[in-house]
Amino acid sequence: MGNRRALAAALLAVACTALAAGCSSSSSPAAASSSSGSAKPSGTASVAYAASLEYLNFKVAGPAFERATGYSYTGQGNTSGALEADIAAGEISPNVFQAVGGDNITPLMPKFTTWYIQYAGTSIVVAYNPHSKYASQFKAIADGSKPTSDLFTLLQTPGLRLGRTDPATDPQGRDFILMLMLAQAYYHLPADTVAKILGTSDYGASSSPQIFAESSLDATLQSGQLDAASAFISQAVQLHLAYIPLPTAINLGSFAEAAHYKTASLTVGAKTYHGSPQVIDMTIIGTPTPAGIAFVKYTLSPAGLAHYRQGGYTVLTPTVFGDKSAVPSAISSELGG
């Protein structure tokens, strides 16, 4: 009896030892499974953005998104029109598309998206190089010592090097010309003012020594190769450019002036564009991915919009255009009423 009890006790000890070892070996997957819930999310938000967002996305919003969500971020900037064409042609397949103006997103409907969200606004300014030989004149206009109307005479000066972007592909290129048209009427300037500033009467032309890629225009100005250039105020603020602010009647930055802006029109190729308040719009391209949804949600969150406010944008109540029911629920929670 005693021997049987001793043997049973020994077998029980061996079983417990084996069970403990088994529990130890099986606890790793369980622990891993438990920890996976808090692991860094996998996936990358691939964002195609208007080149005017280059600094904000690359230096500020992109890194902040990664820190806040754990997802990775990658981006590519170009003119809104060029990105639209590349997406439509299947040459690029971003998760998210950020454009200046919804008219660069609507041509992608309904194949690539059915909605977009408007969330920030900007306006046109004239940036200048503080080391230009015309700098003192630009500065006097900027600080109010001379009237803003003098700017449009100064820009006609022979030899002054002006830079702008292609009106065929870039909203900024069109906005600059529309601003000049509004200024010509607003200040009662001679009828050939716009043509003299642009160096051509063909306002929609893409071929001009004044035209630069939006991604390189600011750097060209800063390097001293240009005396002045078109810019959005957000670019001027972020890149610390010297610039001349313009009245709301001509700067395409006020919703209250929308009807007035519309009086200016520009034909580029077969399409006619009318002046309108300039806004930043965003959508998801194709099937929403977790990382893409997270990027849009973060951008529209108070933290994300704060980056835009600090970057010189006017923050708007995020508003959906198109099929609101198609917006992922995680994004809908960030929308206005």
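Every number in this text was worked out from the coordinates using simple rules, so none of it is lab data. Please read these numbers as outputs of a predicted model, since none were measured by experiment. Cβ coordinates were reconstructed from backbone atoms using ideal geometry, including for glycine residues, and neighbour counts include every protein chain displayed.
Once amide H atoms are built 1.01 Å from N in the peptide plane, which residues 5 or more positions from G163, or in another chain, come under 5 Å H to H?
A228, A229, S230
Counting Lys and Arg as +1 and Asp and Glu as -1, each charge on the Cβ, what is the dipole of region 124-274 about the Cα centre in debye, to the nearest 20?
On the way: 9 positive and 11 negative charges, 31 e Å.
Using Cβ point charges on Lys, Arg, Asp and Glu, region 124-274 gives about 140 debye.
Rounded to two decimals, what is the ratio between the C-alpha radius of gyration of the chain and 2.2 N^0.38 Å? Can you show the working numbers first?
Details: Rg = 28.0 Å, N = 337, 2.2 N^0.38 = 20.1 Å.
This ratio for the chain stands at 1.40.
In nm, give the distance between the simple-model label positions of A185 and H240, each being 7 Å from the Cα along the Cα-to-Cβ direction.
3.9 nm
If the chain between Q76 and A39 were fully stretched, how many nm would it gain, using 0.36 nm times the residue separation less the Cα-Cα distance? Can you show the working numbers first?
Details: separation 37, 0.36 × 37 = 13.32 nm, distance 2.75 nm.
The Q76-A39 span can extend by a further 10.6 nm.
Please give the charge dipole size of the chain, origin at the Cα centre, charges +1 on K and R Cβ atoms and -1 on D and E Cβ atoms. Round to the nearest 20 debye. Each step should come with its number before you reach the end.
On the way: 18 positive and 20 negative charges, 236 e Å.
Dipole magnitude for the chain comes out near 1140 debye.
Just need log10 I(q)/I(0) for region 90-246 at q = 0.14, 0.18 Å⁻¹, Debye formula, equal scatterers on the alpha-carbon atoms, no solvent, rounded to two decimals.
Log-scaled intensity ratios, in q order: -0.73, -1.12.
Using the Cα centre of region 124-274 as origin and beta-carbon charges of +1 (Lys, Arg) and -1 (Asp, Glu), tell me which of I233, S149, M181 is placed farthest towards the positive end of the dipole.
S149
Suppose R0 equals 51 Å; then what is the FRET efficiency for A135 and A68 from their Cβ-Cβ distance, rounded to the nearest 0.05?
Values: r = 41 Å, r/R0 = 0.80.
My answer for the efficiency is 0.80.
Within the chain, what's the longest stretch lacking trypsin sites (Lys or Arg not before Pro) that sit in DSSP loops with no more than 15 other Cβ atoms inside 10 Å?
Working: sites that count: K111, K133, K262.
Excluding the exposed sites themselves, the longest stretch runs over 134-261.
Farthest toward the dipole's positive end in the chain, which of P41, N104, G204, given Cβ charges of +1 (Lys, Arg) and -1 (Asp, Glu) about the Cα centre?
P41
Tell me, what is the FRET efficiency for T220 and T153 to the nearest 0.05, using R0 = 30 angstrom and their Cβ-Cβ distance as r? Write out the running numbers ahead of the final one.
Details: r = 24 Å, r/R0 = 0.79.
The formula returns an efficiency of 0.80 here.
Please work out the C-alpha center-to-center distance from region 205-221 to region 226-287 and express it in whole Å.
After rounding, the separation between the Cα centres reads 16 Å.
For the chain, set up a GNM with springs between Cα atoms under 10 Å and report which of L154, L53, L180 has the largest fluctuation.
In the Gaussian network model the winner is L154.
Which of the residue pairs K40/K324; K196/K262; K59/K262 have a Cα-Cα distance greater than 28 Å in the structure shown? Could you put the intermediate results ahead of the total?
Numbers: K40/K324 30 Å; K196/K262 23 Å; K59/K262 35 Å.
Too far apart for the 28 Å limit: K40/K324; K59/K262.
If you stretched the chain out fully between V60 and A213, how much longer would it get, using 0.36 nm times the residue separation minus the C-alpha to C-alpha distance?
52.8 nm
Put +1 on the Cβ of each Lys and Arg and -1 on the Cβ of each Asp and Glu in the chain; which of S223, T114, S276 then has its Cα farthest toward the positive end of the dipole?
T114
Helix-only mean residue ellipticity at 222 nm, the chain, DSSP H runs n ≥ 4 weighted -39,500 (n - 2.57), per residue, nearest 500. What is it? Don't skip to the end; give the middle numbers.
Values: 13 runs with 131 residues, N = 337.
It lands at -11500 deg cm²/dmol.
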